[in-house]
Each structure stands twice: as structure tokens, then as C-alpha cells.
Amino acid sequence: MNLLLWITIGFILIGFVVLISMKKDMESKVAFIKANKEDEGNASKAKSVIWWIWATTAWGIMSIFLVVWCFHYFE
């Protein structure tokens, strides 16, 4: 099989593993932020949740790009 296909499959699978492993931690951070709305110490937790959302979005866009590229390459 082609290296591009293996890179695409690996990127998607590793991304899913990382996403699933970090999901519970992010849910607990969001719950903590919602419970302590007036606390000023929530800024760092909120920033980490926002970065996680951005990284997940970038991973999803890159995965879509790699899949489309594979289909274009193998046609």
C-alpha cells in the first residue's frame, strides 16, 4: 500500500485516540468552569478548553483534506 494511505490512516487513528483520551478531562474542566462562574482562576482552564477545541477542529479539517487527497491520488 502507498505511504500516503498509511499516513492518512495513522493520522486519523492517532487523532481519535488522543481525542477520546482527553475528552473526559475537558468535560470536567467545563463542568468546573460552569460551577464556579465568578472565580477568576478559571481563565487558564477556559483557555485550555478553547485550545483543545481549536486543535480538534484543525485535526478534523486536516483529516478531511488527507482523505480527499487519497481519493484524488488513487483515482
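Which of the residues that make up the range 32-67 are open to solvent by 50 Å² or more (accessible area, probe 1.4 Å), within 30 Å of residue 10 (Cβ to Cβ) and among the small types (Gly, Ala, Ser)?
55, 58, listed by residue number.
Looking at 29, 24, can you tell me which residue is surrounded by 10 or more Cβ atoms within 10 Å (Cβ to Cβ) and not polar (S, T, N, Q)?
Criteria check complete, one pass: 29.
The values are calculated or read from the model by the stated rules, or taken from the named source; none is laboratory data. Source: prediction; values computed, not measured. When we count neighbours, we look across all protein chains shown, and the Cβ atoms used for this are built from the backbone with ideal geometry, even at glycine. When the accessible area is computed, the model is the full protein with side chains, heavy atoms only, and any ligands, DNA or RNA have been set aside. Shrake-Rupley method; radii C 1.70, N 1.55, O 1.52, S 1.80 Å.
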